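Everything below concerns the one structure shown next.
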Amino acid sequence: MNQARNTASDASWQAGSAEPAIRIENVTKTFGKTYAVDDVSLDIYPGEFFSLLGPSGCGKTTLLRMLAGFETPSSGRILIDGKDVTQVAPYERPINMMFQSYALFPHMTVADNIAFGLKQEGMPRSERDKRVQEMMELVQIVPFAERKPHQLSGGQRQRVALARALAKHPRILLLDEPLGALDKKLREKTQFELVNIQERLGITFIIVTHDQEEAMTMSSRIALMRDGRVEQVDPPRRLYEFPISRYAANFIGSVNLFEGVVIEQQGDEVLLQCDEAGAVLRVRDSRKMASGMPLCLAVRPEKIRLLAPGEEGPNQLTGVIREIAYLGDVSIYHLELPGGKRVQFTQSNVQALAEQPLTWDQTVTISWRPDSCGALSE
Amino acid sequence: MTRRSPLLLSVLLFGYAFLYGPIISLMVYSFNESRLVTVWGGFSTKWYFELLDNDQILGAAWLSIKIAAVNASVAVVLGTLAAMALVRYGRFRGRATLETMVTAPMVMPDVIIGLSLLLLFVSMERLTGWPQGRGQTTITLAHITFSMAYVTVVVRSRLAHMDRSLEEAALDLGARPMKVFFAITLPIIAPALAAGWLLAFTLSMDDLVIASFVSGPGATTLPMVVYSSVRLGVSPEINALATIIVVIVSLAVAAAGLLMYRQEKRQQD
Ligand SMILES: Nc1ncnc2c1ncn2[C@@H]1O[C@H](COP(=O)(O)OP(=O)(O)OP(=O)(O)O)[C@@H](O)[C@H]1O
Ligand SMILES: [Mg+2]
């Protein structure tokens, strides 16, 4: 199963689905000597909620701007519904964009802002008014129709920007960090609204974010970017459970990494000599691996189980608890192995006051299943 | 209330007196009955009526207003184009040089501008037959060359502060570049255009040196009339004229200020 994921991950979204809404083919964008986007290829399918995720400066905005038509790729092609639009002007693309700064026209009312795009396509007055009304209802800003942008709160402006971008019923909507300016509460609420709206209208959403949690909650698939390249493209769950590299594993959630070398393969399990842990570890992976090859085992803190005294398990390690962080729903423990390496694991706090809670300096034994961890070669 | 230092207050008063004293005394003496400018002979508005009968002054005023209005309008168009090019054209070779060159007329001595334009007009007439002689047209052209620099500076700063994504958003919503300019960019930079227009108008109304160089026998602007008549002795009539100009200019400046202030406030929350 690990074997498949590198090559077929793109097509795996909706097997046998129609042709992609957007196809990005080997697109590169350079500014002077910097490669803002470096040989990116992606297929995005109709109806997807697709996220571009990555740290600051990795080229997310640049990629999005090339889709909208504000930047021309230095090389490569962009196809929308099979048609090459690489050289097509922004005003002729069936794409609309919601800007990070919202970019509401300051001299127009909310209603005029939303109507702007419809006017450009020459929609008759009555139909236009109806559509504007619909959009304002959709994002719940009807009472503010006659206000100017500066008379709105941040959250209201964001809704206007969304309504304006949606008004033309584009086939594809691009969103550049749409929730960046909102506080946490409003942000979470808006995330669900966005997903709802997207499902109701059936528009393909491509959203830029550097917030991994946001990407996880909303997306059908995530493209994780690194220095202008796409590191991994997968649905959130796959990205979390089966990162293909140390970078991907570290970017999303927390992870324990064990560096080692392959000893041998036993069926679909790989045995790994790990000096840091002072043990032989097992990981499920059916890829062919030569013995002696360096390999990294990645295991998420919540996959690690505490063994009862006398109990045996795979990937068994014993150590001393050095740190405890109580987060309410779960607690995070830092276990120090004899060699000094630290391992993080979590336990959910099932009981309000556990009878025998784990304490500092307690010696415990942990274990995890070979199929709950992953092998990273990069 | 905080106690203000009396020293500071007197310095302030002195400063204002220094700035406005001459203008106020000029205004007061425009209501002087006596023909002698320095002797107060009672209140009268007769100089204002006399002004109305002075065809030379009225003609010059009308000419100045015409020149200033045409100059301001053309300078706003050219200055805006120049500002757009400087702000929007991206990076190109020699951009910095070009930017400095646009502002050169602001620091160049008027005498040099006037002289060089005079030479230009003369040789142009010899080569092409246009402009025929010197007068209203040449003064207007000369004023446009230096007013444009001021307009460019004013509009450029406004454009540079304008959020680029507003234009991109309009493009994205299907508006063509021309439409974007007229529907989005222009309304947003309008206060700067208004300020630029007023500035150009005032500069033109104010100019004596350059106009003297490029003017011909038929065209005498208001500053030229004032200047030549003052050389024969200050007459209360000129005081009256100056008072009218001061009042009009103050009103215009106040209106422009109010307009820009309101717009500014509306645009930043
Ligand atoms: N117009 C430009 N000229 C020169 N370099 C640019 C330009 N736009 C972007 N870059 C560079 O390209 C790289 C990618 O920028 P981009 O804005 O796409 O990053 P990003 O992933 O959106 O980052 P952030 O999360 O901070 O918004 C950066 O190194 C940036 O400095
Ligand atoms: Mg960005």
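Name every residue in region A:24-75 that is aliphatic (A, V, I, L, M) and within 14 Å of chain B (Cβ to nearest Cβ), in order of residue number. Scanning region A:24-75 gives A:Leu64, A:Met66, A:Leu67, A:Ala68. Which pairs do you get when a residue that is more than 7 Å from every other protein chain (Cβ to nearest Cβ), found in region B:166-193, comes within reach of a residue that is of a type in the set (Ser, Thr, Tyr), reach meaning Cβ atoms under 7 angstrom, with the pair 6+ apart or on two chains? Taking only residues 6 or more apart or on different chains, the pairs are B:Glu167/B:Thr185; B:Leu193/B:Thr80. Can we say A:Arg171 is away from ligand 1 (no atom under 16 Å from the Cβ), among the charged types (D, E, K, R) and surrounded by 21 or more Cβ atoms within 10 Å (Cβ to Cβ)? Judged against the criteria, A:Arg171 is not a match.
Identify, please: which residue in region A:36-94 is in a helix (DSSP H, G or I) and away from ligand 2 (no atom under 16 Å from the Cβ) and is, among those, surrounded by the most Cβ atoms within 10 Å (Cβ to Cβ)? For region A:36-94, the residue satisfying everything is A:Pro90. In this entry, A:Val195 passes the filter for residues that are under 30 Å from A:Arg238 (Cα atoms) and in contact (Cβ under 8 Å) with a residue 12 or more places away in the chain. Checking each residue in region B:74-130 for being of a type in the set (Gly, Ala, Ser) and in a helix (DSSP H, G or I) picks out B:Ala75, B:Gly79, B:Ala82, B:Ala83, B:Ala85, B:Ala96, B:Ala104, B:Gly114, B:Ser116, B:Ser123.
Within region A:109-128, the set of residues being of a type outside the set (A, V, I, L, M, F, W, C) and touching a residue at least 12 places away in the same chain (Cβ under 8 Å) comprises A:Thr109, A:Asn113, A:Gly117, A:Gln120, A:Glu121, A:Arg128. Step by step: first the residues of region A:140-157, then only those that are touching a residue at least 24 places away in the same chain (Cβ under 8 Å) and more than 14 Å from chain B (Cβ to nearest Cβ), then the one that is most open to solvent (accessible area, probe 1.4 Å). Which residue is that? Ranking the qualifying residues of region A:140-157, first place goes to A:Glu146. Can we say A:Pro106 is more than 21 Å from A:Gly180 (Cα to Cα) and within 13 Å of another protein chain (Cβ to nearest Cβ)? Here the answer is no, as A:Pro106 does not meet what is asked. Restricting A:Pro314, A:Pro309, A:Pro294 to those that are out of contact with any Lys or Arg (no Cβ under 9 Å at 6 or more places or on another chain) and closer than 18 Å to A:Gly374 by Cβ reduces the list to A:Pro294.
Residues in region A:166-188 that are outside any loop (DSSP other than H, G, I, E, B), of a type in the set (A, V, I, L, M, F, W, C) and within 13 Å of chain B (Cβ to nearest Cβ): A:Leu166, A:Ile172, A:Leu173, A:Leu174, A:Leu175.
The values are calculated or read from the model by the stated rules, or taken from the named source; none is laboratory data. Just so you know, these numbers come straight off a predicted model, no measurement behind them. Quick reminder, even Gly has a Cβ in these numbers, built from the backbone with ideal geometry, and neighbours come from all protein chains shown. What goes into the accessible areas is simple: the full protein's heavy atoms, side chains included, and nothing from ligands, DNA or RNA. Shrake-Rupley method; radii C 1.70, N 1.55, O 1.52, S 1.80 Å.
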